[in-house]
Amino acid sequence: MSEGARVDRGDAVLSARGVSRCFGGLTAVCDFDLDLFAGEIVGLIGPNGAGKTTVFNLLTGVYEPTRGNISVRGCDIGRMKPDGIAGLGVARTFQNIRLFRDMTVLENVKVGCQPRKRQSLLGALVRSKHFRAEEAAFEREALELLEMMGLSEVRGVQAGALAYGQQRRLEIARALAGRPKILLLDEPAAGANERESADLQALIREIRARFDLTILVIEHDMPFVMGLVARLLVLDHGETIACGTPEEVRAHPKVIEAYLGQEAAK
Amino acid sequence: MDFDRLLFFWGHHFVLLGVTVSLALSLNLINGFCGLFSLGHQGFWGVGAYMTAVLLTVLPSGEAGLFLFALSFPLSMFAAALCGLFVGVPCLRLRGDYLAIATLGFGEILRNVAINSSFLGTSQGLSVPNVIRTTLEQTFGLNRLDARRGEMIFYMLLSAGVAALTLLILRNLMRSAHGRAITAIRDDETAAELLGVNLTRYKVLVFVLGAALAGLAGAVYANYQRYVSPNQFGFMQGVTILVIVVMGGMGSFTGTIVAGVLIYALPVLLSFAPGTWQVPVFYDPTQGGDGWVHRSPKDLWQVFFSILLIVVVLLRPQGIMGTREFSLAALFRRKPPAPPKEAGA
Ligand SMILES: Nc1ncnc2c1ncn2[C@@H]1O[C@H](COP(=O)(O)OP(=O)(O)OP(=O)(O)O)[C@@H](O)[C@H]1O
Ligand SMILES: [Mg+2]
């Protein structure tokens with residue numbers, strides 16, 4: 001990514017510079033660079049174990065980078081904890097779904113409102129006017145999000161009892177409840193059939209427009225990403241081996257090699 | 001007179017039941033709702049009780065007695081909350097079993113401090129002046145019996161009031177965004193943190209608030225019993241409270257109340273067993289007669305306690321109420337519809 005491109009498109013809402021992360025002797029992510037510009041949808045692909053989820057974990061503060069720095073909306077997040085980063089407007093979903101399984105669907109979404117809560121503890125204990133207004137707003141917005149995700153019917157059901165596809169959509173709803181600026185989706189289409197992944201594509205475009213989001217999406221389903229993103233990055237063994245438009249990436253010799261190598265290994 | 005027998009016998013148990021339920025409610029916040037494992041709740045209770053005792057014995061009471069009595073409640077809460085903060089901040093880096101051991105250690109350290117401190121009355125304990133009875137006798141001019149009756153009724157109301165206040169505070173807390181943050185920590189700490197929940201802040205909050213409410217129960221207890229000693233706040237008392245929380249359901253306030261009544265009532269009801277009832281407990285041929293050694297049921301309450309616990313754990317491992325709350329409205333509401341199956345998933 002050239003400096004020129006950066007100036008053309010305004011300041012990045014999220015940027016990573018030379019970010020590496022090692023686990024013992026293994027370099028899971030090596031010299032990773034990324035600029036996300038407001039409003040775009042960027043793809044992150046690569047074979048299994050390439051380091052994609054590790055990138056998400058670095059961007060959300062689950063892991064500290066071994067080297068390099070990351071900034072979100074002009075703030076260096078080097079030593080910040082995940083909750084602080086969430087407060088800057090970064091939300092994510094998980095490859096292995098991490099819902100609060102014993103809570104209802106509605107409660108899950110309401111937990112997502114955390115970064116926006118302004119109610120004081122005392123206000124909550126005496127149920128002040130401001131507290132009640134905020135709780136009512138959370139409830140209303142959570143219901144709206146569920147409506148949008150097609151989960152209104154099941155709002156009172158325990159999250160753990162939902163079908164797989166519903167759980168994935170609930171994770172997106174929960175992430176959106178905090179009104180993030182940047183949404184990181186880790187394999188949102190995993191386990192979806194063709195029709196469902198087409199629906200999901202439309203849904204992701206809709207939420208991008210409606211909530212003014214910048215989205216980074218990890219996905220193995222090639223037609224899904226290729227149809228969704230304007231540009232994408234390819235990771236292999238922690239290294240960024242290619243970046244560009246879907247057409248450029250598809251034709252890139254290293255990408256073909258990485259994916260063919262994986263096919264051959266199977 | 002019959003009324004007095006009822007009042008003094010059941011009133012006494014009512015007051016102590018209120019204290020027990022208050023303690024179990026605040027422990028449920030820490031262990032049940034937030035998923036931290038504290039074994040030191042009796043310590044915070046003891047701090048509250050000793051704070052009250054020291055306040056009322058060290059300072060000259062007399063005229064100011066009623067004022068000091070009123071002051072003992074907020075001050076005991078504050079002292080226990082402070083202890084909660086001191087224990088909580090370093091200990092909350094620990095997880096699961098380690099936190100349990102650290103908090104257990106805290107409880108035992110406090111007990112040993114009390115045993116070895118002459119200021120705190122060593123193992124003899126401290127006695128607390130009877131402010132309420134004195135006030136009733138001197139200020140209101142009641143006779144001895146009426147003053148005792150008034151005192152008992154006062155403490156029954158106080159104990160029920162404190163339990164109700166504890167319930168109200170905790171229930172309102174849990175029905176707020178703060179409460180949802182606390183439950184989220186229990187269910188999935190990492191996910192909660194990624195959704196913007198400040199783990200340290202909420203764990204310390206839970207610990208400090210739980211401790212403060214235990215301190216409040218301690219103030220009621222010390223004022224009512226008019227005596228505090230290290231053995232009243234030992235590990236076994238902590239275990240009893242913990243058993244109430246586990247049996248009622250980790251994460252259910254109404255479950256805690258139901259289990260609190262059950263467990264508190266067990267030894268009281270057993271004490272009514274006629275002295276002629278004898279249960280053979282073990283066989284010793286060197287003893288006279290047929291060799292069976294008998295005990296009265298009232299000496300065996302711990303056995304019944306264990307049996308009750310085993311039955312609950314076998315039949316309802318999540319506790320009597322699980323994480324649900326009992327409400328009359330819910331009884332009459334119809335069940336929510338089953339989740340519709342998602343097409344193709
Ligand atoms: N906490 C950790 N400790 C040790 N190794 C780790 C840890 N997290 C990830 N790794 C390793 O880092 C590498 C990259 O893992 P990562 O989960 O980021 O891959 P991925 O690209 O998301 O793969 P997939 O497509 O299977 O989800 C793997 O070799 C993994 O074993
Ligand atoms: Mg992954």
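For the reader, a short list of remarks on this structure follows.
- Total residues in the stretch A:100-117 satisfying the condition of being within 8 Å of chain B (Cβ to nearest Cβ) and either within 17 Å of A:ALA189 (Cα to Cα) or outside any helix (DSSP H, G or I) (or both): the figure is 7.
- Counting the residues of the stretch A:139-177 that are more than 9 Å from chain B (Cβ to nearest Cβ), among the hydrophobic types (A, V, I, L, M, F, W, C) and open to solvent by less than 10 Å² (accessible area, probe 1.4 Å) gives 9.
- Residues that are facing another protein chain (nearest Cβ under 10 Å), part of a helix (DSSP H, G or I) and within 22 Å of A:GLY87 (Cβ to Cβ), drawn from the stretch A:118-138: A:LEU121, A:GLY123, A:ALA124, A:PHE131, A:GLU134, A:GLU135, A:PHE138
- Condition broken by A:GLU107, with the remaining ones in (1) open to solvent by less than 40 Å² (accessible area, probe 1.4 Å); (2) under 16 Å from B:ALA177 (Cβ atoms) satisfied: (1)
- For the stretch A:23-39, the set of residues classified as more than 16 Å from A:ASP236 (Cβ to Cβ) and open to solvent by 20 Å² or more (accessible area, probe 1.4 Å) consists of A:PHE23, A:GLY24, A:GLY25, A:ALA38, A:GLY39, listed by residue number.
- Residue within the stretch A:189-204 that is more than 25 Å from B:ALA184 (Cα to Cα), in contact (Cβ under 8 Å) with a residue 60 or more places away in the chain and more than 16 Å from ligand 2 (Cβ to nearest atom) present: yes
- Scan the stretch B:51-65 for residues that are over 17 Å from B:VAL113 (Cβ atoms) and at pLDDT below 80 and the total you get is 6.
- Complete set of residues in the stretch B:153-169 that are open to solvent by less than 10 Å² (accessible area, probe 1.4 Å) and away from chain A (no Cβ under 14 Å): B:TYR155, B:SER159
- Being away from chain B (no Cβ under 14 Å), modelled with pLDDT of 95 or more and open to solvent by less than 10 Å² (accessible area, probe 1.4 Å) is a property that does not hold for A:VAL90.
- For the stretch A:199-214, the count of residues that are buried (at least 17 other Cβ atoms within 10 Å of the Cβ), within 22 Å of A:LEU58 (Cα to Cα) and touching an Asp or Glu at 6+ places or on another chain (Cβ under 8 Å) is at least one.
The values are calculated or read from the model by the stated rules, or taken from the named source; none is laboratory data. Treat the numbers as computed from the prediction; the structure is a model and nothing was measured. FYI the Cβ positions are ideal-geometry reconstructions off the backbone, even for glycines, and counts take in every protein chain you see. Protein only, heavy atoms only, side chains kept; ligands, DNA and RNA dropped before computing areas. Shrake-Rupley method; radii C 1.70, N 1.55, O 1.52, S 1.80 Å.
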